[in-house]
1. If I take R0 = 25 Å and measure r between the Cβ atoms of Ala124 and Glu153 in this structure, what FRET efficiency does the formula 1/(1 + (r/R0)^6) give, to the nearest 0.05?
2. Among Lys17/Lys171; Lys60/Lys141; Lys76/Lys141, which pairs are too far apart, with a Cα-Cα distance over 30 Å?
3. Note down the magnitude of the dipole of region 1-63 about its Cα centre, charges +1 on Lys and Arg C-beta and -1 on Asp and Glu C-beta and zero elsewhere, to the nearest 20 debye.
4. So what is the relative contact order of the chain, in percent, for Cα pairs below 8 Å that sit 6 or more residues apart?
5. Tell me the relative contact order for region 62-155 as a rounded percent, counting alpha carbon contacts under 8 Å between residues six or more apart.
6. At a Cα cut-off below 12 Å, give the aspartates and glutamates reachable from Lys157, other chains included and same-chain residues fewer than 8 away excluded.
7. At a threshold of 8 angstrom on Cα-Cα distance, excluding pairs fewer than six apart, so keeping six or more, what relative contact order does region 1-90 reach in percent?
8. So what are the ³J(HN,Hα) numbers for region 37-47, from phi and the Karplus equation (6.51, -1.76, 1.60; θ = phi - 60°), rounded to whole Hz, Gly and Pro as x?
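Here, each number is a calculation from the coordinates, and none is a lab measurement. Values in this document were obtained by computation on a predicted structure and should not be read as measured data. Note: ideal-geometry Cβ built from the backbone for every residue, glycine included; neighbour counts use all protein chains shown.
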Amino acid sequence: MTYLSSDDSQLLRQVAKMYRGTRCAEIGIGYASNLVELSGHFEEIIGTDIRLTDGFEILKNKGFSLVVSDRTTCFKDEIFDLVITNPPYLPSEGITDPTVDGGTGGFEIPSSFLREALRVLRPAGAILIVISSETSTLQFKRFCAENNLRVKEIVEKSLFFETLTAYELRKTEIERDLKD
Ligand SMILES: C[S@@+](CC[C@H](N)C(=O)[O-])C[C@H]1O[C@@H](n2cnc3c(N)ncnc32)[C@H](O)[C@@H]1O
């Protein structure tokens, strides 16, 4: 099953549309509804997913490329100005549904997405991620601290069962120096 665009998807693209640059990637595109709206904001836009959406042919010539890949493992280091993701973030025992199951604390899968995003991100680039109040905030904050990331809360949306937050993450100089 492909993930249907929902409130979390809308929140991510609402924020992503504020960014411009040369190259942008989305990890876990679903129906690619976020990438459709980013067309023209970057010279090159690439989306990845572990499976292609049903009827993906209609997504041809829309101003972006699609790659079937585990996260961004098929790309070289430090090539994207912006990496966006609305990862599977719901706490789960194991991964039965890869569109929503986030594993332990709901952050097992998001953290694996973020590790890859950091690898392919240019030093001055930004990551946008949507996280739910259902996800372990403690694990998210610890990850950001351990990776010396600058965290900015961009927008929050309360739904009746959860609160969604879109964060911008950037490498700090400490993190950039550690990599040199
Ligand atoms: C919550 S859905 C978001 C879909 C879409 N980006 C949106 O915002 O509507 C998460 C997506 O991540 C994909 N996904 C799960 N594991 C992945 C992996 N290892 N690499 C790439 N994509 C993955 C799922 O197939 C699913 O399409």
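1. Numbers: r = 20 Å, r/R0 = 0.81.
For Ala124 and Glu153, the calculated efficiency is 0.80.
2. Exceeds cut-off: Lys60/Lys141.
3. 180 debye
4. In percent, rounded to a whole number, it is 19.
5. 30 percent
6. Filter leaves Asp7, Asp8.
7. Values: 149 pairs, mean separation 31.4, N = 90.
For region 1-90, the relative contact order is 35 percent.
8. 7, 8, 3, x, 7, 9, 5, 9, 10, 10, x
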